[in-house]
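Working notes, beginning with the structure itself.
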Amino acid sequence: MVAELDCRGKRCPLPIIELSKKIKESEVGQEVLLISDDPATAADLNAWARMTGNEFIVISADNFLITKSN
Amino acid sequence: MGIITAGKYEGQHPLHPKARQILLDAFDQGWADPTQISSQGRQAQALLLQARESIAKSLNLQVSEIELWGEPELISPIAIWGAPSFGTAPFIYGATERSEIIGMRAKSKQSFEISVGLDGAIDLELLTQTLQPNSIAAIQSANIETGVTQDLKAVAKAVVAQNAHLHIDATASGARFVKPPYWSTLHFDARSWNGPSGVGVFALKNGARWSNPLPHTRPTRAPNSFSIPLALAAASALEHWIADEAANSTRLKSLIERVRNHVKQTIPDVDIAGNAESTLPNIISLSFLNISSEQLVAALEIEGFSVASGSACVASALEPSHVLKAMGLLTHGNMRINLNHDVQDGEITKLLALLPGIISKLREA
């Protein structure tokens, strides 16, 4: 079951902070749909995934599917 | 305070005290028009000539190669615009160039952005493949936000093979700039050597082809409407900066290394831009995961450190730094340290003692 995290209207770095919290509470393999319209989110997700070892795919300009990988 | 962190584009240290004195004297005496043949005009002309010679010598350039400009931000766009075939030939620039250089793509029929790696170095293979005869390449010597330097020797080798125009933005390196074996135009800003704002140096290599793209009726390479007192202060500041650098360069480099090592060892989840071998000795850029730059800046301010940041939420822009983004580094939680020669070792010791606690407190909140 994909968990949804709606961060629309929230500015950087709130979407990444909220995603970090959500992922921390989740089991490995959990998928999270992050909805964020902040222009920094896409760039920061790349860095976040590299730093934390998680994976994500870009679904659309403001929809990102993250998988907790470790 | 010897530490500052750069604003979105440019860090500025206080004017060198000797340059400040020259500036005050010059304004007190009043400055005549050096093109007039009055005795004050002749005196102004002589002082200006001295200043130009001094600047050229300090930057290891010929006097005939330099022009002073009163609006430094215009130098790179005009240097690129005046390159032979600019507009029709491919305009090639690095992804971490300054915005006004990247913006020149709008004036060119063909343009190519050369990507950079996680270390900030441009993709030399892509640059070599993209270059064509008569291309105009704009590659910075170093980046003002991260301090990352480019391998200009390798860039020059690729550009000369195609007989292309090489414009180098040296505004971040300033007097630390080392000329590669081949270049066409250069851009310096007096602020980089603690000179006044409002004076820049445009260099055109002797023998290189370039024509002033601005409307002009006389064959001039520059408008020459810069302020003479500011030019004299810029020349004086440069001389003093070079002397101070000789005494402090090793110390600054080791202070930056202390910051790099201490932060790596004591703070998890941090992106440090570039590596010790390929960054300027006085700049370091740190991005902390899950930190709001705005709160970080405020917390450091309470402790007496006046810092700024390039993160979108602090730079009052919605778009994050194009430099950090191009490198694939975290764009939030960013702070930049840009050391001036007068920094005290104790300031860094204090900053490093405080930083881990500030970060963990902000992360818990």
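The values are calculated or read from the model by the stated rules, or taken from the named source; none is laboratory data. All values reported here derive from a predicted model rather than from experimental measurement. No Cβ is skipped: glycine too gets one built from the backbone with ideal geometry, and neighbour counts run over all protein chains shown. Surface accessibility is based on the protein's heavy atoms, side chains included, excluding ligands, DNA and RNA. Shrake-Rupley method; radii C 1.70, N 1.55, O 1.52, S 1.80 Å.
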Which one of A:PHE64, A:LEU34, A:ALA49 has its Cα pushed farthest toward the positive end of the charge dipole of segment A:3-67, where Lys and Arg give +1 and Asp and Glu give -1 at the Cβ? A:ALA49
Part-to-part distance (alpha-carbon centres) for segment B:327-347 and segment B:89-122, which is given in Å: 25
Quick one: of the DSSP bridges fully inside segment A:3-67, what percent are antiparallel, nearest 5? 70
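Count neighbours as other Cβ atoms within 10 Å of each site's Cβ, and list the trypsin sites (Lys or Arg not before Pro) in chain A that are DSSP loop with at most 13 such neighbours. Before the final figure, lay out each step's value.
Details: sites: A:ARG8, A:LYS10, A:ARG11, A:LYS21, A:LYS22, A:LYS24, A:ARG50, A:LYS68; in loops: A:ARG8, A:LYS10, A:ARG11, A:LYS68.
Here the trypsin sites (Lys or Arg not before Pro) that fit, given the DSSP loop and packing criteria, are A:ARG8.
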For segment A:1-38 and segment B:289-303, what is the separation of their Cα centres, given in Å? 23
Based on Cα positions only, what radius of gyration and what Dmax would you give for chain B, in angstroms? 21.1, 70
Alpha carbon convex hull of chain A, volume per residue in cubic angstrom: 71
For segment B:222-365, what does the alpha-carbon gyration tensor say about shape, rounded, prolate or oblate, given a ≥ b ≥ c as the root eigenvalues, a/c under 1.5 as rounded, and a/b over b/c as prolate? prolate
With the dipole of the protein assembly as shown worked out from charges on the C-beta (+1 for Lys and Arg, -1 for Asp and Glu) around the Cα centre, which of B:VAL148, B:GLY207, B:HIS16 lies farthest toward the positive end? B:GLY207
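Within a 10 angstrom radius of each residue's Cβ in A:38-50, how many Cβ atoms of other chains show up on average? Whole number is fine. Walk me through the numbers on the way to the answer.
Working: counts 5, 7, 12, 3, 2, 14, 12, 0, 5, 12, 5, 0, 5.
What the average comes to for A:38-50 is 6.
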Highest-fluctuation residue, A:GLU55, A:GLU27, A:GLU18 considered, GNM on chain A with Cα pairs under 10 Å: A:GLU27
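Using the alpha carbons of the protein assembly as shown, what is the convex hull volume per residue in cubic angstrom, as a whole number?
Details: hull volume 66.1 nm³, N = 435.
Output value, Cα hull per residue: 152 Å³.
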Cα axis of helix B:228-266 to longest principal axis of chain B: angle in degrees, 0 to 90, nearest 10? 20
Which length gain, in nm to one decimal place, applies between B:ARG42 and B:LYS18 when the Cα-Cα distance is subtracted from 0.36 nm times their residue separation? 6.3 nm
Apply the a/c threshold of 1.5 to the C-alpha gyration tensor of segment B:66-188 and tell me whether it is rounded, prolate or oblate. rounded
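Per residue, how large is the accessible surface of chain A? Use a 1.4 angstrom probe and give square angstrom. Walk me through the intermediate numbers first.
Values: 3530 Å² over 70 residues.
Accessible area per residue, chain A: 50 Å².
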What is the angle, in °, between the Cα long axis of helix B:17-29 and the longest principal axis of the Cα atoms in chain B? Nearest 10 is fine, range 0 to 90. 40
Would you mind computing the Rg to Rh ratio of segment B:108-264 from its alpha-carbon coordinates, Kirkwood style for Rh? 1.01
So if each residue of separation counts as 0.36 nm, and I subtract the Cα-Cα distance between B:GLN110 and B:ASN261, what length gain in nm does that give? 50.1 nm
Within 10 Å of each Cβ of B:331-340, how many other protein chain Cβ atoms are there on average? 3
Which value, in debye to the nearest 20, gives the size of the charge dipole of segment A:3-67 about its Cα centre, when Lys and Arg are +1 and Asp and Glu are -1 at the Cβ? 220
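On a 1.4 Å probe surface of the protein chains, which of B:THR217, B:THR250, B:THR128 comes out largest in accessible area, and what is the full order?
I get B:THR217, B:THR250, B:THR128, largest accessible area first.
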Place a +1 charge on the Cβ of each Lys and Arg in the protein assembly as shown and a -1 charge on the Cβ of each Asp and Glu, then give the dipole magnitude about the Cα centre in debye, rounded to the nearest 20. 940
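Please report the antiparallel percentage of the DSSP beta bridges confined to chain B, to the nearest 5. Don't skip to the end; give the middle numbers.
On the way: 22 of 38 bridges.
Beta bridges within chain B, antiparallel portion: roughly 60 percent.
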Considering only Cα-Cα distances, which of the following residue pairs are longer than 32 Å: A:LYS10/B:LYS109; A:LYS24/B:LYS253; B:LYS109/B:LYS179; B:LYS57/B:LYS153; B:LYS153/B:LYS253; B:LYS18/B:LYS325? A:LYS10/B:LYS109; A:LYS24/B:LYS253; B:LYS18/B:LYS325
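In nm, what is the difference between 0.36 nm times the number of residues separating B:VAL178 and B:GLU71 and their Cα-Cα distance? Don't skip to the answer; put the middle values down first.
Values: separation 107, 0.36 × 107 = 38.52 nm, distance 2.35 nm.
Working it through step by step, the gained length comes to 36.2 nm.
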Accessible surface of chain B, 1.4 Å probe, proportion on carbon and sulfur as whole %: 52
Any chance you could look up the accessible area of B:THR88 with a 1.4 Å probe, heavy atoms only, rounded to 10 Å²? 80
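For peptide B:284-296, how many partner chain Cβ atoms fall within 10 Å of a residue's Cβ, on average? Mind showing how you got there, number by number?
Numbers: counts 0, 0, 0, 4, 1, 9, 9, 3, 5, 2, 3, 1, 0.
Neighbouring Cβ atoms belonging to other protein chains average 3 per residue here.
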With point charges of +1 on the Cβ of Lys and Arg and -1 on the Cβ of Asp and Glu, referenced to the Cα centre of the protein assembly as shown, which listed residue (A:PRO15, B:GLN132, B:ASN290) lies farthest in the positive direction of the dipole? B:GLN132
Taking the Cα centre of segment B:17-240 as origin and charging only Cβ (+1 Lys, Arg; -1 Asp, Glu), how large is the dipole, in debye to the nearest 20? 540
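Out of the DSSP beta bridges found with both residues in the protein assembly as shown, what percent are antiparallel (nearest 5)? Mind showing how you got there, number by number?
Details: 32 of 52 bridges.
Beta bridges within the protein assembly as shown, antiparallel portion: roughly 60 percent.
Nearest 100 Å² is fine: what is the total accessible surface buried where chains B and A meet, probe 1.4 Å? Write out the running numbers ahead of the final one.
Details: alone 15900 and 4270 Å², together 18780 Å².
Chain pair B/A: roughly 1400 Å² of buried accessible area.
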